[in-house]
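Trainee: This structure is in structure tokens; I'll ask about it shortly.
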Amino acid sequence: MPYQKLQTSNAAIAYTSDTEDTINVRQVIQSGSLNAGTTGTTIIDSTGTFVTSGVKRGDLVVNVTDGVASRVLSVTNETELEVLTTGLFVSSDNYEIWQKTTEASVLYVGVGGDVKVRTAGGDDTTFIGVPSGSFMPVQVSRVYTTGTSATNILALW
């Protein structure tokens with residue numbers, strides 16, 4: 001009997017968000033540590049080169065300290081930008097900015113539980129009781145924070 005063979009080339013942590021598609025090809029275009037003045041939706045990195053690095057609206061800003069992410073709303077200058085979601089970043093958090101992509105991925109669930117996703121086709125659905133150490137062979141663009149109890153989720157593409 002034939003079976004589906006999962007073949008991927010890349011993997012990245014699948015960050016969760018209730019408002020943003022966070023499955024991205026992990027191509028880091030900027031990284032650093034945030035400075036005083038980082039509050040609400042404003043991100044400040046006094047050593048940043050946001051303009052020179054080509055950061056643009058829609059790129060994903062990942063708070064690697066806390067494991068959350070938001071999209072870039074606008075680039076103010078080399079050292080300051082605005083994100084869509086308020087309260088995810090504070091001074092001294094480490095961050096990475098990933099170049100925007102529309103590529104969806106399958107998921108690997110490290111620690112089992114429920115997984116709420118948005119599929120590549122735009123459907124929102126919750127997979128109940130996904131076992132630890134299993135693959136979800138469904139193309140997804142978002143893993144929701146609310147409705148997801150599984151952890152250690154990786155995006156594979």
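Trainee: Working carefully through the options 122, 113, 147, find the one that is exposed (fewer than 14 other Cβ atoms within 10 Å of the Cβ) and over 13 Å from the mean Cα position of the chain (by Cα).
Mentor: 122
Trainee: Select from segment 86-97 the residues that are in a loop (DSSP other than H, G, I, E, B) and not aliphatic (A, V, I, L, M) and write down the one among them that is farthest from residue 33 (Cα to Cα).
Mentor: 86
Trainee: Now a separate question. Of the conditions (1) surrounded by fewer than 18 Cβ atoms within 10 Å (Cβ to Cβ); (2) modelled with pLDDT under 90; (3) under 18 Å from residue 152 (Cα atoms), residue 105 fails just one. Which one is it?
Mentor: (1)
Trainee: Taking the residues in segment 1-48 that are surrounded by 20 or more Cβ atoms within 10 Å (Cβ to Cβ), modelled with pLDDT under 90 and β-branched (Val, Ile, Thr) as candidates, determine which candidate is nearest to residue 78 (Cα to Cα).
Mentor: Looking at residues that are surrounded by 20 or more Cβ atoms within 10 Å (Cβ to Cβ), modelled with pLDDT under 90 and β-branched (Val, Ile, Thr), I get 22.
Trainee: Shifting gears a bit: Could you tell me which of the residues 81, 88 is on the phi < 0 side of the Ramachandran plot, in contact (Cβ under 8 Å) with a residue 12 or more places away in the chain and more than 15 Å from the chain's Cα centre (by Cα)?
Mentor: Result of the check over 81, 88: 81.
Trainee: Of the numbered conditions (1) at pLDDT 90 or above; (2) closer than 12 Å to residue 22 by Cβ, residue 152 fails exactly one; give the number of that condition.
Mentor: (2)
Trainee: Of all residues being among the charged types (D, E, K, R) and out of contact with any Asp or Glu (no Cβ under 8 Å at 6 or more places or on another chain) in segment 98-152, which is farthest from residue 35 (Cα to Cα)? Just the residue, please.
Mentor: Initial filter on segment 98-152 (among the charged types (D, E, K, R)): 100, 103, 114, 116, 118, 123-124, 142.
Applying the additional criterion that residues be out of contact with any Asp or Glu (no Cβ under 8 Å at 6 or more places or on another chain) yields 103, 114, 123-124.
Values: 103: 32, 114: 36, 123: 38, 124: 36 Å.
Out of the qualifying residues, it is 123.
The values are calculated or read from the model by the stated rules, or taken from the named source; none is laboratory data. The structure presented is a predicted model; accordingly, all values stated were derived computationally and were not measured. Cβ coordinates were reconstructed from backbone atoms using ideal geometry, including for glycine residues, and neighbour counts include every protein chain displayed.
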